[in-house]
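Novice: The following block contains the structure, expressed as structure tokens.
The values are calculated or read from the model by the stated rules, or taken from the named source; none is laboratory data. Treat the numbers as computed from the prediction; the structure is a model and nothing was measured. Here the Cβ positions follow ideal geometry from the backbone for every residue, glycine too, while neighbour counts run over all protein chains shown. To get the accessible areas, we keep the full protein, side chains included, count just its heavy atoms, and leave off ligands, DNA and RNA. Shrake-Rupley method; radii C 1.70, N 1.55, O 1.52, S 1.80 Å.
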Amino acid sequence: MPTPALHDVLRILAGESVFDRDTDSKILQASNEVTARALYEMVREYDTNSPDWAKELANDLMEISEGDPSVLIGFDDGRWQGREGDDEDLSPESGLHEEYLKLEFVNADACFYQFHLFPTFEEPFFEEVSRKRAYEFQYLNIRVTHPDDVQVFIQNLRGNPHLVKIHQSNAEEFSAAPSQNPG
């Protein structure tokens with residue numbers, strides 16, 4: 001259940017009058033230019049016990065608003081991690097992060113033909129990758145520089161029309177998978 005403050009913002013987005021006309025209209029206008037995640041993160045930064053928090057939020061949103069709904073301001077979800085400029089520090093915060101995933105394809109043939117093509121592991125945050133294939137499943141053991149990189153990788157996977165679902169896996173399941181490598 002959303003917090004009362006977030007609930008109030010959602011009511012504004014649904015067309016209700018919540019605070020005053022000026023505040024509501026600013027929040028509504030700027031909400032067309034920010035992602036839901038960015039709006040959520042902004043609301044979390046305010047002391048919602050303060051009587052003027054909504055006006056402060058509305059004014060801050062208007063400062064970043066360009067007046068053009070085709071401009072979208074998002075929250076840094078980490079998808080550019082590892083692609084910073086040469087002068088920026090790329091050292092991982094917490095060392096390597098290991099994750100096991102099981103990718104389910106529409107059928108065994110799709111999994112077989114996709115094996116050498118998908119997924120690609122070209123993202124700069126990959127340190128090590130192992131994979132196996134069995135029936136309609138690919139089993140992945142990935143090591144990335146930061147835990148948030150796993151979500152970025154999963155987001156990139158979702159564009160494949162042959163992929164049905166992404167399952168959490170573990171070392172035992174990975175080890176037990178009979179690597180039916182197509183050669």
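Novice: Could you check how much of the accessible area of the range 97-176 is carbon and sulfur, as a whole percent, using a 1.4 Å probe?
Specialist: Numbers: 1890 of 4080 Å².
Heavy-atom surface of the range 97-176 belonging to carbon and sulfur, 1.4 Å probe: 46 percent.
Novice: I need the peptides 151-160, 22-31, 105-114 ranked by packing, meaning the mean over residues of other C-beta atoms within 10 angstrom, with the highest value on top.
Specialist: On the way: 151-160: 14.0, 22-31: 18.3, 105-114: 16.1.
My ranking of the peptides, most packed first, is 22-31, 105-114, 151-160.
Novice: In addition: Solvent-accessible area of K165, probe 1.4 Å, all protein chains present, reported in Å² to the nearest ten, please.
Specialist: Per-residue accessible area (K165): approximately 110 Å².
Novice: While we're here: Taking only protein heavy atoms and a 1.4 Å probe, what accessible area per residue, in Å², does the range 108-183 have with all protein chains in place?
Specialist: Numbers: 4070 Å² over 76 residues.
That works out to 54 Å² for each residue.
Novice: I need to check one value: relative contact order of the range 97-176, counting alpha carbon pairs closer than 8 Å and at least 6 residues apart, in percent. Numbers along the way, then the final one.
Specialist: Details: 130 pairs, mean separation 35.9, N = 80.
Across the range 97-176, relative contact order equals 45 percent.
Novice: Per the 1.4 Å probe, what fraction of the accessible area of the range 6-66, in percent, lies on carbon and sulfur atoms?
Specialist: On the way: 1590 of 3640 Å².
Exposed carbon and sulfur together represent 44 percent of the surface.
Novice: Take H146, H167, H162 and sort them by solvent-accessible surface of the protein heavy atoms, 1.4 Å probe, largest at the top.
Specialist: Values: H146 20, H167 45, H162 75 Å².
Order by accessible area, largest first: H162, H167, H146.
Novice: Kindly provide the Kirkwood hydrodynamic radius of the range 97-176 in Å, to one decimal, from all pairs of distinct alpha carbon atoms.
Specialist: Working: mean 1/r = 0.0792 Å⁻¹.
For the range 97-176, the Kirkwood estimate is 12.6 Å.
Novice: If you don't mind, another one. Provide Rg and Dmax in Å for the range 98-139, with only Cα atoms included in the calculation.
Specialist: When restricted to Cα atoms, the range 98-139 yields Rg and Dmax of 10.7, 30 Å.
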